[in-house]
Amino acid sequence: MATTRRRLVSPTVMPNPSDPRLTQRVEGIDQTGAGVAVSVPVERSLTLYLNSQEIVTMMTIGDYPEYLAIGYLLNQNMLKPDDVVTAADYDEDLEVVVVRTKRGTNYEEKLKKRTLTSGCAQGTAFGDLMEVIEGIELPAAELRTSWLFELVGAIKTIPSIYREAGSIHGCILCERGKPLCYMEDVGRHNAIDKIAGWMYLGKVAAADKMLYTTGRLTSEMTIKTVRMGIPILISRSGSTGWGVELARKAGLTMISRARGRRFIALSGAERIVPDGVGIVASTDLREAARDDE
């Protein structure tokens with residue numbers, strides 16, 4: 001098969017809304033009966049193989065398939081942190097990506113434990129993923145409120161597919177208030193997996209990083225963040241009850257409803273360092289709690 005191998009790691013990665021492969025124009029009719037044309041994200045399948053074994057078929061916008069494949073395998077504990085990836089081959093025509101490793105792999109039994117998660121576009125998890133929460137010790141990082149507010153402000157200025165076409169989720173890896181890697185996809189689980197693949201290939205340390213997502217903080221997002229070794233998880237949206245429970249058990253700092261200069265810390269508040277403006281009144285917190293998308 002005709003495969004594509006690219007230089008996989010750049011110092012920073014940001015969305016490219018001008019890429020014609022990622023959106024398309026569709027026609028419709030508005031409330032007045034007038035014809036309209038709007039941009040929408042594409043959605044295409046990607047089948048992942050690990051060595052000779054088919055693992056899963058995912059729905060994705062199709063950018064960074066190698067990052068997505070490697071990150072997915074890492075977050076499903078099919079790739080180990082010390083594994084050597086010898087190749088990541090992507091065939092655009094067949095919509096297939098093959099990850100090859102020096103270590104032999106066989107996950108036939110694990111694949112039988114597959115479970116659909118609450119992630120949009122049908123995220124998947126496997127039976128042993130919960131083991132990562134037990135006995136984990138995340139780094140003793142800090143989250144300055146000035147970094148959080150800088151990040152929330154910076155996100156609004158970055159061109160994105162969401163601004164072009166909507167109907168898409170984003171995840172951003174940050175160092176202090178600076179975005180390093182911004183990934184988008186039809187499912188937030190895909191976006192976070194792309195970041196995991198980028199970090200793995202670029203040997204990017206996790207201890208001093210934080211992860212921002214546009215979507216809700218579910219159990220799957222919590223588990224993946226913990227598995228990646230990132231101590232701080234932030235969202236502009238809310239959280240599920242199990243997501244909060246797992247975050248507290250793992251010692252993960254979980255920040256929800258981060259908008260403007262408002263936020264709610266649901267777990268790991270001891271990492272938060274107020275430096276200057278940013279401490280909001282309880283009435284503002286109650287307002288933020290109602291302001292969920």
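Derivation of every value follows stated rules applied to the coordinates shown; laboratory data play no part. A quick note: this is a predicted structure, and the numbers were derived from the prediction, not measured. Here Cβ is always computed from backbone atoms with ideal geometry, including for glycine, and neighbour counts include all displayed protein chains.
For ASP83, no residue whose modelled amide H falls within less than 5 Å of its own remains once neighbours fewer than 5 places apart on the same chain are excluded.
Using C-alpha pairs below 8 Å separated by at least 6 residues, the relative contact order for region 143-290 is 21 percent. Sorting SER219, SER45 by the number of Cβ atoms found within 10 Å of their own Cβ, with the fewest placed first, yields SER45, SER219. A straight line joining the Cα centroids of region 142-181 and region 217-245 runs 16 Å.
Exceeding 30 Å between C-alpha atoms, which entries from my cross-link table qualify? They are LYS110/LYS178; LYS110/LYS194; LYS102/LYS178.
LYS110/LYS178; LYS102/LYS178
The HN-Hα couplings worked out from phi for region 254-263 by the Karplus form 6.51 cos²θ - 1.76 cosθ + 1.60 (θ = phi - 60°) are 10, 10, 10, 6, 7, 9, x, 10, 10, 6 Hz, whole numbers, x standing for Gly and Pro.
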